[in-house]
Amino acid sequence: MENNDVLGGKGSTRRAFLSASAVTAVAAPLLSGTALAGTSPVLAGQEPDEQLRALLSGVDPDRIKATVLRLTQFGTRHTASSQTDPVRGIGAATAWVFEQMQAIAATSSGRMTAQEQTFVQPVSSRIPVPTTITNVIATLQGNASPERLYVVTGHLDSRVTDVLNFTSDAPGADDDASGVAVVLELARLFATQQFAGTLVFATVAGEEQGLYGSAHMAAQMKAAGADVQGMFSNDIVGASQAWDGTRPDPHTLRLFVEGVPAAVTAQQIAIMQAVGGENDGASRQLARFVQDVAPRSLTDMNIRVIWRRDRYLRGSDHISFQAQGYPAGRFTEPRENFNHEHQDTRVVNGVQFGDLPEFVDFDYIARVAKVNGAALWSLAQGPGTPKNLQIIAVVLTNTTTLSWDRGTEPGLAGYEVMWRETTSPDWTNVIDVGDVTTVTLDMAKDNVQFGLRAVDLAGNRSPVAFPRVVSS
(Lines give C-alpha, C1' and ligand atoms only; values in the text may rest on other atoms or scores of the structure.)
Protein backbone atom coordinates (compact mmCIF):
# COMPACT_ATOMS: atom_id res chain seq x y z
CA MET A 1 0.00 0.00 0.00
CA GLU A 2 1.25 3.49 -0.83
CA ASN A 3 0.16 6.48 1.21
CA ASN A 4 1.38 9.87 0.03
CA ASP A 5 -0.45 11.71 2.84
CA VAL A 6 0.74 9.41 5.58
CA LEU A 7 2.10 12.21 7.76
CA GLY A 8 -0.97 14.36 7.58
CA GLY A 9 -3.52 14.46 10.38
CA LYS A 10 -2.35 13.10 13.71
CA GLY A 11 1.22 12.43 12.59
CA SER A 12 1.73 16.01 11.43
CA THR A 13 1.63 17.25 15.01
CA ARG A 14 5.09 15.76 15.71
CA ARG A 15 7.03 17.49 12.91
CA ALA A 16 5.86 20.13 10.49
CA PHE A 17 7.22 20.16 6.94
CA LEU A 18 6.22 20.73 3.32
CA SER A 19 5.68 17.99 0.76
CA ALA A 20 8.96 17.35 -0.99
CA SER A 21 7.49 15.98 -4.21
CA ALA A 22 4.59 13.99 -5.54
CA VAL A 23 5.15 10.23 -5.37
CA THR A 24 3.97 8.40 -8.43
CA ALA A 25 1.97 5.20 -7.95
CA VAL A 26 4.65 2.77 -9.07
CA ALA A 27 6.75 0.25 -7.19
CA ALA A 28 9.82 2.50 -7.21
CA PRO A 29 8.61 6.12 -7.38
CA LEU A 30 10.81 8.67 -9.15
CA LEU A 31 11.09 11.91 -7.23
CA SER A 32 12.10 15.02 -9.11
CA GLY A 33 15.61 16.27 -8.43
CA THR A 34 14.59 19.86 -9.15
CA ALA A 35 11.79 19.65 -6.63
CA LEU A 36 14.01 17.97 -4.09
CA ALA A 37 16.74 20.57 -4.36
CA GLY A 38 14.23 23.40 -4.06
CA THR A 39 11.63 22.24 -1.56
CA SER A 40 12.94 19.34 0.50
CA PRO A 41 12.30 20.83 3.92
CA VAL A 42 14.88 21.44 6.59
CA LEU A 43 14.39 19.27 9.63
CA ALA A 44 12.73 20.66 12.73
CA GLY A 45 13.06 19.23 16.22
CA GLN A 46 10.63 16.47 17.19
CA GLU A 47 8.04 17.77 19.63
CA PRO A 48 7.97 15.78 22.91
CA ASP A 49 4.80 13.87 23.68
CA GLU A 50 2.80 15.02 26.71
CA GLN A 51 2.95 11.49 28.12
CA LEU A 52 6.73 11.72 28.00
CA ARG A 53 6.70 15.10 29.72
CA ALA A 54 4.54 13.66 32.49
CA LEU A 55 6.87 10.67 32.88
CA LEU A 56 9.99 12.81 33.18
CA SER A 57 8.34 15.10 35.70
CA GLY A 58 8.37 12.12 38.05
CA VAL A 59 12.19 11.88 38.20
CA ASP A 60 12.97 12.30 41.90
CA PRO A 61 16.38 13.70 42.98
CA ASP A 62 15.70 12.61 46.57
CA ARG A 63 15.28 8.97 45.55
CA ILE A 64 18.43 9.24 43.46
CA LYS A 65 20.29 10.64 46.47
CA ALA A 66 19.01 7.83 48.68
CA THR A 67 20.25 5.25 46.18
CA VAL A 68 23.72 6.78 45.91
CA LEU A 69 24.08 7.06 49.69
CA ARG A 70 22.91 3.49 50.24
CA LEU A 71 25.40 2.13 47.73
CA THR A 72 28.30 3.95 49.40
CA GLN A 73 27.35 2.30 52.71
CA PHE A 74 28.48 -1.13 51.51
CA GLY A 75 32.06 -0.03 52.17
CA THR A 76 33.47 -1.44 48.97
CA ARG A 77 31.79 -2.87 45.89
CA HIS A 78 35.02 -4.18 44.41
CA THR A 79 34.43 -7.16 42.14
CA ALA A 80 36.69 -9.35 44.30
CA SER A 81 35.17 -8.24 47.61
CA SER A 82 32.96 -10.51 49.71
CA GLN A 83 30.08 -12.29 48.03
CA THR A 84 28.67 -13.54 51.37
CA ASP A 85 29.03 -10.76 53.92
CA PRO A 86 25.46 -9.46 54.50
CA VAL A 87 26.50 -5.82 55.00
CA ARG A 88 29.79 -5.20 53.17
CA GLY A 89 31.04 -5.93 49.68
CA ILE A 90 29.77 -6.62 46.19
CA GLY A 91 27.55 -9.51 47.28
CA ALA A 92 25.53 -7.38 49.73
CA ALA A 93 25.29 -4.54 47.19
CA THR A 94 24.08 -6.91 44.47
CA ALA A 95 21.46 -8.41 46.78
CA TRP A 96 20.19 -4.92 47.63
CA VAL A 97 19.92 -3.89 43.98
CA PHE A 98 18.11 -7.14 43.13
CA GLU A 99 15.61 -6.44 45.92
CA GLN A 100 14.99 -2.98 44.48
CA MET A 101 14.47 -4.39 40.99
CA GLN A 102 12.08 -7.04 42.29
CA ALA A 103 10.05 -4.44 44.13
CA ILE A 104 9.90 -2.27 41.03
CA ALA A 105 8.89 -5.23 38.84
CA ALA A 106 6.03 -5.94 41.25
CA THR A 107 4.42 -2.65 40.16
CA SER A 108 4.39 -3.57 36.47
CA SER A 109 1.31 -5.85 36.31
CA GLY A 110 3.57 -8.68 35.18
CA ARG A 111 5.24 -6.85 32.30
CA MET A 112 8.62 -6.52 34.03
CA THR A 113 10.76 -9.36 35.35
CA ALA A 114 13.97 -9.15 37.39
CA GLN A 115 16.84 -11.62 37.32
CA GLU A 116 20.40 -12.11 38.49
CA GLN A 117 22.70 -13.09 35.63
CA THR A 118 25.66 -14.87 37.22
CA PHE A 119 28.80 -16.36 35.70
CA VAL A 120 32.37 -17.17 36.75
CA GLN A 121 35.07 -15.00 35.18
CA PRO A 122 38.35 -16.90 34.68
CA VAL A 123 41.71 -15.52 35.76
CA SER A 124 42.86 -12.43 33.86
CA SER A 125 45.23 -9.52 34.39
CA ARG A 126 42.84 -7.93 36.92
CA ILE A 127 41.13 -11.13 38.10
CA PRO A 128 43.73 -13.11 40.11
CA VAL A 129 41.37 -16.00 40.90
CA PRO A 130 38.19 -17.28 39.22
CA THR A 131 35.52 -14.83 40.38
CA THR A 132 31.73 -14.87 40.37
CA ILE A 133 30.26 -11.82 38.66
CA THR A 134 26.57 -10.97 38.81
CA ASN A 135 24.54 -8.59 36.68
CA VAL A 136 21.07 -7.55 37.84
CA ILE A 137 18.68 -7.22 34.89
CA ALA A 138 15.07 -6.01 34.78
CA THR A 139 13.24 -6.51 31.49
CA LEU A 140 10.08 -4.60 30.60
CA GLN A 141 8.43 -6.58 27.81
CA GLY A 142 7.13 -4.65 24.82
CA ASN A 143 3.55 -5.20 23.74
CA ALA A 144 3.72 -4.62 19.98
CA SER A 145 7.21 -5.49 18.78
CA PRO A 146 8.90 -7.03 21.83
CA GLU A 147 11.75 -8.40 19.74
CA ARG A 148 13.23 -4.87 19.62
CA LEU A 149 15.45 -4.28 22.67
CA TYR A 150 16.76 -1.03 24.18
CA VAL A 151 19.28 -1.34 27.02
CA VAL A 152 20.46 1.06 29.73
CA THR A 153 23.20 0.23 32.24
CA GLY A 154 25.21 1.53 35.17
CA HIS A 155 28.04 -0.48 36.71
CA LEU A 156 27.76 -1.58 40.33
CA ASP A 157 31.41 -2.30 41.16
CA SER A 158 33.85 0.27 42.57
CA ARG A 159 37.60 0.52 43.13
CA VAL A 160 40.43 2.51 44.73
CA THR A 161 43.89 3.46 43.43
CA ASP A 162 45.13 -0.14 43.24
CA VAL A 163 42.66 -1.96 41.03
CA LEU A 164 43.46 -5.23 42.84
CA ASN A 165 42.77 -3.80 46.32
CA PHE A 166 39.43 -5.31 47.33
CA THR A 167 39.59 -4.60 51.08
CA SER A 168 39.89 -0.81 51.39
CA ASP A 169 36.77 1.36 51.37
CA ALA A 170 35.74 2.22 47.82
CA PRO A 171 32.53 4.29 48.13
CA GLY A 172 32.16 4.76 44.38
CA ALA A 173 29.58 7.54 44.66
CA ASP A 174 30.14 9.05 41.22
CA ASP A 175 31.83 6.02 39.65
CA ASP A 176 29.34 4.52 39.42
CA ALA A 177 26.60 4.69 42.03
CA SER A 178 25.39 7.67 39.98
CA GLY A 179 24.81 5.44 36.95
CA VAL A 180 23.11 2.74 39.02
CA ALA A 181 20.82 5.41 40.51
CA VAL A 182 19.82 6.48 36.98
CA VAL A 183 19.00 2.89 36.03
CA LEU A 184 16.90 2.25 39.15
CA GLU A 185 15.02 5.52 38.82
CA LEU A 186 14.21 4.85 35.18
CA ALA A 187 13.10 1.30 35.95
CA ARG A 188 10.77 2.67 38.65
CA LEU A 189 9.20 5.23 36.31
CA PHE A 190 8.92 2.97 33.27
CA ALA A 191 7.60 -0.14 35.07
CA THR A 192 4.00 1.06 35.13
CA GLN A 193 4.02 2.10 31.45
CA GLN A 194 3.51 0.10 28.26
CA PHE A 195 5.76 0.35 25.24
CA ALA A 196 5.93 -1.16 21.78
CA GLY A 197 9.55 -2.27 22.17
CA THR A 198 11.25 -4.00 25.09
CA LEU A 199 13.33 -2.06 27.63
CA VAL A 200 16.19 -3.61 29.60
CA PHE A 201 17.46 -1.95 32.80
CA ALA A 202 20.71 -3.44 34.07
CA THR A 203 23.41 -2.99 36.67
CA VAL A 204 26.55 -4.72 35.51
CA ALA A 205 29.64 -5.73 37.50
CA GLY A 206 33.30 -6.36 36.75
CA GLU A 207 33.55 -3.08 34.82
CA GLU A 208 36.69 -1.88 36.58
CA GLN A 209 38.42 -5.21 35.93
CA GLY A 210 37.73 -5.20 32.19
CA LEU A 211 34.02 -4.70 31.34
CA TYR A 212 33.41 -8.35 32.16
CA GLY A 213 29.79 -8.11 33.29
CA SER A 214 28.63 -6.14 30.26
CA ALA A 215 30.74 -8.27 27.92
CA HIS A 216 28.96 -11.38 29.20
CA MET A 217 25.55 -9.73 28.97
CA ALA A 218 26.11 -8.47 25.42
CA ALA A 219 27.54 -11.81 24.27
CA GLN A 220 24.55 -13.66 25.72
CA MET A 221 22.20 -11.33 23.87
CA LYS A 222 24.10 -11.80 20.63
CA ALA A 223 24.10 -15.58 21.01
CA ALA A 224 20.33 -15.49 21.52
CA GLY A 225 19.87 -13.40 18.37
CA ALA A 226 18.59 -10.39 20.30
CA ASP A 227 17.83 -7.32 18.19
CA VAL A 228 19.37 -4.64 20.40
CA GLN A 229 18.67 -1.39 18.53
CA GLY A 230 20.12 0.96 21.14
CA MET A 231 22.20 0.81 24.34
CA PHE A 232 23.34 3.50 26.78
CA SER A 233 26.00 3.18 29.47
CA ASN A 234 25.74 5.70 32.32
CA ASP A 235 29.18 5.87 33.88
CA ILE A 236 30.36 8.81 36.03
CA VAL A 237 27.23 10.91 35.61
CA GLY A 238 27.06 12.47 39.07
CA ALA A 239 29.24 15.57 39.31
CA SER A 240 28.63 19.00 37.84
CA GLN A 241 31.65 20.47 39.65
CA ALA A 242 34.86 20.57 37.63
CA TRP A 243 38.37 19.67 38.76
CA ASP A 244 39.06 23.28 39.78
CA GLY A 245 36.00 23.52 42.03
CA THR A 246 33.91 25.56 39.59
CA ARG A 247 30.61 24.61 38.01
CA PRO A 248 31.27 25.79 34.44
CA ASP A 249 28.36 23.99 32.85
CA PRO A 250 26.07 21.97 35.14
CA HIS A 251 23.61 21.54 32.28
CA THR A 252 25.86 19.64 29.87
CA LEU A 253 26.11 15.87 29.45
CA ARG A 254 28.64 14.22 27.17
CA LEU A 255 27.63 11.36 24.87
CA PHE A 256 30.55 9.39 23.40
CA VAL A 257 29.88 7.34 20.25
CA GLU A 258 32.26 5.44 18.01
CA GLY A 259 32.87 6.25 14.34
CA VAL A 260 34.05 3.20 12.42
CA PRO A 261 32.10 0.40 14.15
CA ALA A 262 34.04 -2.12 16.19
CA ALA A 263 32.23 -5.13 14.73
CA VAL A 264 32.98 -4.76 11.01
CA THR A 265 35.17 -6.56 8.53
CA ALA A 266 38.06 -5.04 6.61
CA GLN A 267 35.90 -5.11 3.48
CA GLN A 268 33.12 -3.23 5.23
CA ILE A 269 35.60 -0.62 6.41
CA ALA A 270 36.89 -0.23 2.86
CA ILE A 271 33.36 0.36 1.57
CA MET A 272 32.69 2.83 4.38
CA GLN A 273 35.82 4.75 3.44
CA ALA A 274 34.89 4.67 -0.25
CA VAL A 275 31.46 6.24 0.30
CA GLY A 276 32.49 8.60 3.10
CA GLY A 277 30.38 6.85 5.71
CA GLU A 278 32.80 7.11 8.62
CA ASN A 279 30.34 9.34 10.49
CA ASP A 280 27.29 7.23 9.72
CA GLY A 281 27.64 4.10 11.81
CA ALA A 282 24.63 2.99 13.83
CA SER A 283 26.03 4.42 17.08
CA ARG A 284 26.33 7.90 15.59
CA GLN A 285 22.80 7.67 14.20
CA LEU A 286 21.67 6.79 17.72
CA ALA A 287 23.41 9.89 19.08
CA ARG A 288 21.71 12.10 16.50
CA PHE A 289 18.40 10.59 17.55
CA VAL A 290 19.09 11.38 21.21
CA GLN A 291 19.85 15.00 20.41
CA ASP A 292 16.56 15.20 18.52
CA VAL A 293 14.27 13.69 21.17
CA ALA A 294 15.95 14.97 24.35
CA PRO A 295 16.32 18.74 23.89
CA ARG A 296 17.14 21.07 26.76
CA SER A 297 13.58 22.38 26.73
CA LEU A 298 12.53 18.90 27.88
CA THR A 299 15.47 17.71 29.99
CA ASP A 300 17.19 20.93 31.12
CA MET A 301 20.37 19.43 29.71
CA ASN A 302 22.52 20.09 26.66
CA ILE A 303 23.86 16.92 25.06
CA ARG A 304 27.40 17.30 23.82
CA VAL A 305 27.98 14.47 21.36
CA ILE A 306 31.63 13.56 21.01
CA TRP A 307 32.66 11.53 17.98
CA ARG A 308 34.98 9.23 19.86
CA ARG A 309 34.47 5.75 21.33
CA ASP A 310 35.40 7.01 24.80
CA ARG A 311 37.82 9.31 26.61
CA TYR A 312 41.55 8.83 26.34
CA LEU A 313 42.81 5.89 28.44
CA ARG A 314 39.25 5.00 29.50
CA GLY A 315 36.36 2.77 28.48
CA SER A 316 32.92 1.74 29.65
CA ASP A 317 30.23 -0.87 29.13
CA HIS A 318 28.92 0.52 25.84
CA ILE A 319 32.10 -0.85 24.26
CA SER A 320 30.96 -4.40 25.08
CA PHE A 321 27.78 -3.87 23.10
CA GLN A 322 29.58 -2.17 20.22
CA ALA A 323 31.83 -5.22 20.04
CA GLN A 324 28.73 -7.32 19.29
CA GLY A 325 27.62 -4.95 16.53
CA TYR A 326 24.98 -3.13 18.58
CA PRO A 327 24.57 0.68 18.44
CA ALA A 328 25.68 2.04 21.81
CA GLY A 329 26.95 5.17 23.52
CA ARG A 330 28.35 6.33 26.84
CA PHE A 331 26.88 9.19 28.90
CA THR A 332 29.29 10.93 31.26
CA GLU A 333 29.64 14.27 33.04
CA PRO A 334 31.30 17.22 31.24
CA ARG A 335 34.52 17.84 33.24
CA GLU A 336 35.72 15.07 35.50
CA ASN A 337 37.63 15.58 38.75
CA PHE A 338 40.14 12.75 38.76
CA ASN A 339 40.86 13.31 42.47
CA HIS A 340 37.48 11.68 43.05
CA GLU A 341 37.85 8.71 40.67
CA HIS A 342 39.87 5.52 41.24
CA GLN A 343 41.39 7.00 44.39
CA ASP A 344 42.07 5.90 47.96
CA THR A 345 40.02 8.03 50.33
CA ARG A 346 42.55 10.36 51.97
CA VAL A 347 43.57 14.01 52.46
CA VAL A 348 46.86 15.18 50.98
CA ASN A 349 48.05 18.77 51.54
CA GLY A 350 44.50 19.78 52.36
CA VAL A 351 43.06 18.16 49.22
CA GLN A 352 40.38 15.51 49.67
CA PHE A 353 40.76 12.45 47.49
CA GLY A 354 38.19 9.71 47.07
CA ASP A 355 34.86 9.09 45.36
CA LEU A 356 32.66 10.44 48.15
CA PRO A 357 28.97 11.38 48.01
CA GLU A 358 29.66 14.98 49.07
CA PHE A 359 31.07 15.58 45.58
CA VAL A 360 27.91 14.37 43.84
CA ASP A 361 25.19 16.69 42.51
CA PHE A 362 21.88 14.81 42.81
CA ASP A 363 19.94 17.35 40.75
CA TYR A 364 22.47 16.82 37.97
CA ILE A 365 21.92 13.05 38.09
CA ALA A 366 18.17 13.70 37.85
CA ARG A 367 18.73 15.64 34.65
CA VAL A 368 20.87 12.78 33.32
CA ALA A 369 17.97 10.44 34.08
CA LYS A 370 15.66 12.70 32.08
CA VAL A 371 17.96 12.55 29.05
CA ASN A 372 18.06 8.75 29.24
CA GLY A 373 14.32 8.62 29.84
CA ALA A 374 13.50 10.78 26.82
CA ALA A 375 15.74 8.67 24.60
CA LEU A 376 14.46 5.30 25.82
CA TRP A 377 10.81 6.38 25.74
CA SER A 378 11.15 7.65 22.16
CA LEU A 379 12.99 4.53 21.02
CA ALA A 380 10.63 2.01 22.61
CA GLN A 381 7.43 3.91 21.81
CA GLY A 382 8.28 4.57 18.17
CA PRO A 383 8.97 2.28 15.22
CA GLY A 384 12.16 0.30 14.86
CA THR A 385 15.14 1.39 12.79
CA PRO A 386 14.59 0.32 9.14
CA LYS A 387 16.21 -2.97 8.18
CA ASN A 388 18.26 -3.95 5.13
CA LEU A 389 18.49 -0.44 3.66
CA GLN A 390 20.39 -0.60 0.37
CA ILE A 391 21.62 1.98 -2.11
CA ILE A 392 21.82 0.46 -5.57
CA ALA A 393 25.05 1.22 -7.43
CA VAL A 394 25.12 -1.43 -10.17
CA VAL A 395 25.44 0.96 -13.13
CA LEU A 396 26.53 4.55 -13.54
CA THR A 397 23.56 6.87 -13.11
CA ASN A 398 22.71 10.32 -11.80
CA THR A 399 19.69 9.01 -9.90
CA THR A 400 19.57 7.27 -6.53
CA THR A 401 17.61 4.10 -5.84
CA LEU A 402 17.03 2.94 -2.27
CA SER A 403 15.31 -0.23 -1.10
CA TRP A 404 14.53 -1.65 2.34
CA ASP A 405 12.42 -4.17 4.22
CA ARG A 406 9.07 -3.00 5.51
CA GLY A 407 8.77 -3.09 9.28
CA THR A 408 6.20 -5.33 10.92
CA GLU A 409 5.14 -3.00 13.76
CA PRO A 410 1.42 -2.32 14.09
CA GLY A 411 0.70 1.31 13.31
CA LEU A 412 3.61 1.77 10.91
CA ALA A 413 2.70 4.65 8.62
CA GLY A 414 5.60 4.90 6.20
CA TYR A 415 9.10 6.20 5.66
CA GLU A 416 11.13 9.36 5.24
CA VAL A 417 14.32 9.61 3.21
CA MET A 418 16.89 11.81 4.90
CA TRP A 419 19.68 13.59 3.10
CA ARG A 420 22.45 16.05 3.81
CA GLU A 421 25.62 17.44 2.29
CA THR A 422 28.58 15.14 2.89
CA THR A 423 30.21 17.87 4.99
CA SER A 424 27.20 18.31 7.27
CA PRO A 425 27.43 16.64 10.71
CA ASP A 426 23.69 15.98 10.90
CA TRP A 427 20.71 15.28 8.68
CA THR A 428 19.29 18.49 7.25
CA ASN A 429 16.56 17.51 4.80
CA VAL A 430 13.63 15.09 4.74
CA ILE A 431 11.52 13.59 1.95
CA ASP A 432 8.23 11.87 2.76
CA VAL A 433 8.07 8.83 0.46
CA GLY A 434 5.07 7.12 2.03
CA ASP A 435 4.49 3.45 2.76
CA VAL A 436 6.80 1.94 0.13
CA THR A 437 9.90 -0.25 0.21
CA THR A 438 11.83 1.22 -2.70
CA VAL A 439 12.23 4.68 -4.15
CA THR A 440 14.24 6.26 -6.96
CA LEU A 441 15.27 9.88 -6.44
CA ASP A 442 16.31 12.18 -9.23
CA MET A 443 19.37 13.16 -7.23
CA ALA A 444 22.96 12.02 -7.70
CA LYS A 445 24.07 9.74 -4.87
CA ASP A 446 27.62 10.93 -5.53
CA ASN A 447 26.91 14.36 -4.03
CA VAL A 448 25.07 13.79 -0.75
CA GLN A 449 24.49 11.22 1.99
CA PHE A 450 21.16 9.42 2.24
CA GLY A 451 19.44 7.71 5.15
CA LEU A 452 15.99 6.40 6.00
CA ARG A 453 13.75 6.47 9.05
CA ALA A 454 10.36 4.94 9.82
CA VAL A 455 7.30 6.88 10.98
CA ASP A 456 4.24 5.55 12.80
CA LEU A 457 0.65 6.79 12.80
CA ALA A 458 1.26 8.79 15.98
CA GLY A 459 4.13 10.65 14.34
CA ASN A 460 6.90 8.87 16.26
CA ARG A 461 10.08 8.42 14.25
CA SER A 462 12.88 5.89 14.40
CA PRO A 463 16.63 6.46 14.35
CA VAL A 464 18.02 6.83 10.86
CA ALA A 465 19.39 3.82 9.01
CA PHE A 466 22.38 4.30 6.71
CA PRO A 467 22.42 2.26 3.48
CA ARG A 468 24.84 -0.45 2.55
CA VAL A 469 26.03 -0.42 -1.05
CA VAL A 470 24.82 -3.03 -3.53
CA SER A 471 27.07 -2.98 -6.59
CA SER A 472 26.26 -6.29 -8.28
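Shape descriptor for the stretch 302-459: Rg over Rh equals 1.12 (Cα atoms; Rh from the Kirkwood inverse mean 1/r). Which Cα, out of Asn234, Pro357, Leu199, lies furthest along the positive dipole direction of the chain (beta carbon charges, K/R +1, D/E -1)? Farthest towards the positive end: Leu199. Based on the reciprocal of the average 1/r between different C-alpha atoms, the Kirkwood radius for the stretch 183-247 equals 14.6 Å.
Packing around the peptides 316-327, 95-106, taken as the average count of other Cβ atoms within 10 Å per residue, puts them in this order, highest first: 316-327, 95-106. Computed on the stretch 361-472, with alpha-carbon pairs under 8 angstrom and 6+ residues apart, the relative contact order is 35 percent. For the pair the stretch 403-432 and the stretch 366-394, the centres of their Cα atoms are 12 angstrom apart.
For the stretch 124-156 versus the stretch 57-102, the spacing of their alpha-carbon centroids is 16 Å. In terms of its C-alpha gyration tensor, the stretch 357-426 has an oblate overall shape, because the principal axis ratio a/c (a ≥ b ≥ c, square roots of the eigenvalues) is not below 1.5 and a/b does not outweigh b/c.
Dividing the mean sequence gap of close Cα pairs (under 8 Å, 6+ apart) by how many residues the chain holds gives a relative contact order of 20 percent. Here the stretch 397-419 is scanned for amide nitrogen atoms under 20 Å from the site 7 Å beyond the Cα of Gln194 along Cα-to-Cβ, giving 408-413.
Length available on full extension from Asp227 to Asp85: 0.36 nm per residue minus the Cα-Cα distance, which gives 47.4 nm. To the nearest 0.05, how large is the calculated FRET efficiency for Ser297 and Glu147 if R₀ is 22 Å and r is the Cβ-Cβ distance? E between Ser297 and Glu147, to the nearest 0.05, is 0.10.
Radius of gyration (Cα atoms) of the stretch 147-262, expressed as a multiple of 2.2 N^0.38 Å: 1.20.
Can you name the helices of the chain, as whole DSSP H runs, whose Cα span along the helix axis is 15 Å or more and whose Kyte-Doolittle mean is not below 0.0?
TM-like helix candidates: 90-105, 178-190, 362-381.
The mean sequence distance of close C-alpha pairs (under 8 Å, at least 6 residues apart), as a share of the length of the stretch 215-307, puts its relative contact order at 34 percent. Heavy atoms of the protein chains alone define the surface here; on that basis the chain has 39 Å² accessible area per residue at 1.4 Å probe size.
With runs of 4+ DSSP H residues as the only contributors, calculate the mean residue ellipticity of the chain at 222 nm using -39,500 (n - 2.57) per run, divided by the residue total and rounded to the nearest 500. List each step's numbers first, then the result.
Working: 12 runs with 123 residues, N = 472.
Mean residue ellipticity at 222 nm (helix-derived): -7500 deg cm²/dmol.
Here the chain carries DSSP beta bridges of which approximately 60% are antiparallel, counting only pairs with both residues inside.
The ellipsoid that matches the Cα gyration tensor of the chain has semi-axes, each √(5λ) in whole angstrom, of 41, 22, 21, with the longest given first.
Computed 3J(HN,Hα) for the stretch 321-327, one whole-Hz value per residue from the Karplus formula 6.51 cos²θ - 1.76 cosθ + 1.60 where θ = phi - 60°, is 6, 4, 5, 8, x, 8, x, glycine and proline marked x.
I'd like the carbon and sulfur percentage of the solvent accessible area for the stretch 379-472, probe radius 1.4 Å, heavy atoms only, ligands and nucleic acids excluded. With neighbouring chains kept in place, the figure for the stretch 379-472 is 52 percent.
Each Lys and Arg Cβ is given +1 and each Asp and Glu Cβ -1; about its Cα centre, the stretch 288-353 then shows a dipole of about 240 debye.
Here the simple spin-label model places points 7 Å from the Cα toward Cβ, and for Lys387 and Val120 these points are separated by 3.8 nm. Label-to-label distance, Trp307 versus Glu278, with points set 7 angstrom from Cα along the beta-carbon direction: 0.8 nm. Charges were assigned to the Cβ only: +1 to each Lys and Arg, -1 to each Asp and Glu. The resulting dipole of the stretch 334-432 about its Cα centre is roughly 260 debye. Of the Cα atoms belonging to the stretch 284-331, the radius of gyration and Dmax stand at 11.9, 34 Å. Each Lys and Arg adds +1 at its Cβ and each Asp and Glu adds -1 at its Cβ; summed about the Cα centre, the chain shows a dipole of about 360 debye.
From most to least packed by mean Cβ count within 10 Å, the peptides 376-385, 353-362 give 376-385, 353-362. If R0 is 41 Å, the Cβ-Cβ spacing of Asp62 and Asp446 corresponds to a FRET efficiency of close to 0.15. Give the separation of the Cα centroids, the stretch 189-206 to the stretch 253-270, in Å. Cα centroid of the stretch 189-206 versus Cα centroid of the stretch 253-270: 26 Å apart. Here's the list of aspartates and glutamates a cross-link from Lys387 could span, going by alpha-carbon distance under 20 Å and ignoring same-chain residues fewer than 8 apart: Glu2, Glu147, Asp227, Glu278, Asp280, Asp405, Glu409, Glu416, Asp432, Asp435, Asp456. Computed extension gain for Ala54 through Ala263, at 0.36 nm per residue and net of the alpha carbon distance, reaches 71.5 nm.
The values are calculated or read from the model by the stated rules, or taken from the named source; none is laboratory data. Predicted, not measured: the structure shown is a model, and the values here were computed from it. Every residue, glycine among them, receives a Cβ derived from its backbone with ideal geometry; neighbour counts consider all protein chains shown. Side chains are part of the model used for accessible areas, which takes the heavy atoms of the whole protein and leaves out ligands, DNA and RNA. Shrake-Rupley method; radii C 1.70, N 1.55, O 1.52, S 1.80 Å.
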